[in-house]
Structure formats: C-alpha cells, structure tokens
Amino acid sequence: MRRASLSVRAGLAAATAALACLLLAAPAGATIPASLTSGCALDATAPEDYFFCDDGLPNAGGLFPNPTGASAVTVPAKYGSDGFTGLPPSAGTPTDPGADLTGNVALDVDLSYPNPADFSGPRPLIVFMHGCCSGSKASWENQGAAPGSRFDGSGELWHYNNAWFASRGYVVLTYTARGFVDGQNRGSTGQTQLDSRSYEINDFQHLACQVTQLFNTSAGLPDVDPAKVVATGGSYGGGFSWMALTDPFWNCANAGAPAISMKLAAVAPKYGWTDLVNSLVPTGTHSGRPDQPTETTGCDSGPVHENGSACPGPQTPIGIPKRSIVSAVSSPSGDSPCAWRRPFRPSARRRPSARWPRAGPADDW
C-alpha cells in the first residue's frame, strides 16, 4: 500500500512539473519580454544619442508557432468584435495559422528611444513598417552603419531611420509584420493579411499599447505621449500608414492597459504601395505611367469590364508574370527564392482588392 502511495505521489509530482513546464513555455500574456529591454545599448557618438533594444531573431516564423514567444512580442492571432474598431479583443485560437497554444502570434520587435537626459516630458511614438517582399524590422534601422554615421544615413535612410528619430526625441518602434520570415523561416509568426485593418492595423495598435504601457510604468525610460502616435513606412509600409488612418483612436484595455487611450496624430508614408497587377504582371494592357491613371472599369488588367462586357482594346496581352515574385507570394508551401517572404492565406491569391484594379480572368496570381 505504501509503495502504491509513493507511486501515486510520484505521478502527481511528475504531472505537476509537466503542467508547470507548459505554463512556463506558453506566453503569459501580451507583454514586452525583459529580453528586449534588458540589453539596450547606448549610442552617444555625436550627433547620435539614443538607446537601441534588440533581442535577436526568433527561431520560428510564418506558419510555425513560436511556443514561448521567445525574442518576440505576442499579439492576438485574430481579433473579435467587428474586427477592427478601437482595438477589439482577442479571438485567437491555437488553430489559427502560426498561433501558439494561447491563440497568439509572435512579432519580431526592436525599440529605439532617446537618451532621457536629453529630453523632458512625454515623447511621441513613431512606428515604422517595412516594405514587401524582402522587408523586416531592420529595413528602416541604420544599425549596420558605424556609430556617428547612423544619424544621417544614406539613400532611403537619409534622415529617415531609427537613429535619426530617436536622437531627435522620438520613441521608435520597428517590427516585422506577421508572416514575414527569412530564408530559415525565422521572423514573425502568422500569415500576412495584406495590411488588413482587421489584422495588421490591430497588431500595430496592440504593440503601440504595449510599448506605451512599458515606458510609462518603467523607471529610467521616457514616458510616451499616447496622443502623439505616428505611423510611417514605404511601399507596403506606406499602405500600412494609410490604413492606420482608418482607425485613429483606440483604447488599450484589450492589450492589458485600460487606463491608456491612444490617438494617431499623423501618418507619414515615405511613399505608397503600387498597383499589384502591374507589379506582378507588367508590360501588358495596364500602364504604370503617372500620366495614364488607373482605370476603374477593370480594363487596365483584363479583356472585360467588371460587369463582364468587352473592353474596347487592346485586350491582349494581359502581361508577362514576374516568376520570381509570383512564386514567392503564391507558393502554398511557403518556399521562396526571396531572402524574406510571407505565407499567404489561400484566398489572397485570387481575391480582388479595392486597392488594386481587378485582375482579369487570365490572371492567376
């Protein structure tokens, strides 16, 4: 009997230990991990004076969950209520693409912030979004440059990078959008929803809440002004900026900070996204010239109007697909010749969007 009792106790102890391991392995909630802020590095080489926080690249991404949320910040894989207004509550489940056991996806995040000794009062928050299809959190960072030359930057990064804004008093959030991963499938988990306000814009709002909550409750960090949030980016990130403007006010209750209400003060796209049909299937009937604006009848990219009647011509050719890009964005397996890629939900390859001309019947992107 004593042996049986010991066996039962041992079994209960093992079960308790296993449960504890599971609880420790799963993200406890939507909070910025200590790993991101514990190793922030100061760059005080003039004209720079800012801290940069980066906890590395997650070892998971895309459709492969990040079970512990390691080196990442978690947000809901899916949102409830009407899907977008004012940051809805989580509706994520473990069965959502790339979700962990708590129904979250894990986004790869970096933070930059000004030296608190240089500024007083709450600071504005600027959120950068990268482009497609090789974009990542590093796209608008200038950390690869030597200290002292990060501030100005070169090319697209001239006066438009994390070092420039952080040194001028902004808290800077740079992150990799859901579903974007590198060639080793590392990055942010989930599937891209093409800058959907029901997904990507909610993710942006959720992260902004988490950053504001962290900075406004942590000693040694500058406060963030929740009424001074800016969204910016180029191409895919430019479209993200515009979409962010469709929901400019939100409360952080569903991100664990009910006392914080956020306001989008401005959007500043560096440049916008372009026509998807002309990008993937160029040299056809659709013209990319700025003096020949996009038709609204469907004749730019197909032989028929949206109502099915024939276009006046030319009706062919539709265009020549860019095989490298088409295969990257439409491969069901996620395989891609690109260094970075994004797994698409199956319907995204055929569903027309109001943002781009309707694809003709011969298009199979």
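Taking 2.2 N^0.38 Å as the expected size of a compact globular protein, what ratio does the Cα radius of gyration of the range 153-245 give against it, to two decimals? The partial results should precede the final answer.
Numbers: Rg = 14.4 Å, N = 93, 2.2 N^0.38 = 12.3 Å.
Ratio of Rg to 2.2 N^0.38 Å for the range 153-245: 1.17.
Quick one: 3J(HN,Hα) in Hz for the range 92-97, Karplus 6.51/-1.76/1.60 with θ = phi - 60°, rounded, Gly and Pro as x.
Ordered by residue, 3J(HN,Hα) equals x, 10, x, 8, 5, x Hz.
What does the extension gain come out to for ALA227 and LYS263, with contour length at 0.36 nm per residue minus their alpha carbon separation?
Working: separation 36, 0.36 × 36 = 12.96 nm, distance 0.45 nm.
Residue separation times 0.36 nm, minus the Cα-Cα distance, leaves 12.5 nm.
Could you sort 77-89, 102-114 so that the peptide with the highest average Cβ count within 10 Å comes first and the rest follow in order? Don't skip to the answer; put the middle values down first.
Working: 77-89: 17.8, 102-114: 25.5.
Taking the mean over residues of other Cβ atoms within 10 Å, the ranking is 102-114, 77-89.
FRET efficiency for THR95 and SER218, Cβ-Cβ distance as r, R0 = 56 Å, nearest 0.05? Before the final figure, lay out the partial values.
Values: r = 35 Å, r/R0 = 0.63.
For THR95 and SER218, the calculated efficiency is 0.95.
Taking amide H atoms as placed 1.01 Å from N in the peptide plane, list the residues 5 or more away in sequence, or in a different chain, whose amide H sits under 5 Å from that of ASN104.
ALA77
Nearest 0.05, what FRET efficiency do PHE64 and TRP242 give at R0 = 30 Å with Cβ-Cβ as r? The partial results should precede the final answer.
Details: r = 31 Å, r/R0 = 1.02.
According to the calculation, E is roughly 0.45.
Which net charge results for the neighbourhood of VAL230, defined as the other residues with beta-carbon distances under 13 angstrom from its beta-carbon, given Lys and Arg at +1 and Asp and Glu at -1? Don't skip to the end; give the middle numbers.
Working: positive: ARG123, ARG168, LYS228, LYS263, LYS270; negative: ASP225.
So the environment of VAL230 carries a net charge of +4.
Reported to two decimal places, what Rg/Rh ratio describes the range 62-213 when computed on Cα atoms with Rh from the Kirkwood expression? Intermediate values should be presented prior to the final figure.
Values: Rg = 16.1 Å, Rh = 16.1 Å.
Taking Rg over the Kirkwood Rh, I get 1.00.
Between HIS159 and THR85, what length in nm is gained on full extension when 0.36 nm per residue of separation is reduced by their alpha carbon distance?
Details: separation 74, 0.36 × 74 = 26.64 nm, distance 3.31 nm.
Stretched fully, the HIS159-THR85 segment lengthens by 23.3 nm.
Using a 7 Å offset from the Cα along the Cα-to-Cβ direction at both THR274 and PHE119, what is the distance between the two label points in nm, to one decimal?
In this crude spin-label approximation the distance works out to 3.4 nm.
Read the figures in this text as sums done on the coordinates, not as results from a lab. In this text, all values refer to a predicted model and were calculated from it rather than measured experimentally. Virtual Cβ from ideal backbone geometry, glycine too; neighbours counted across all protein chains shown.
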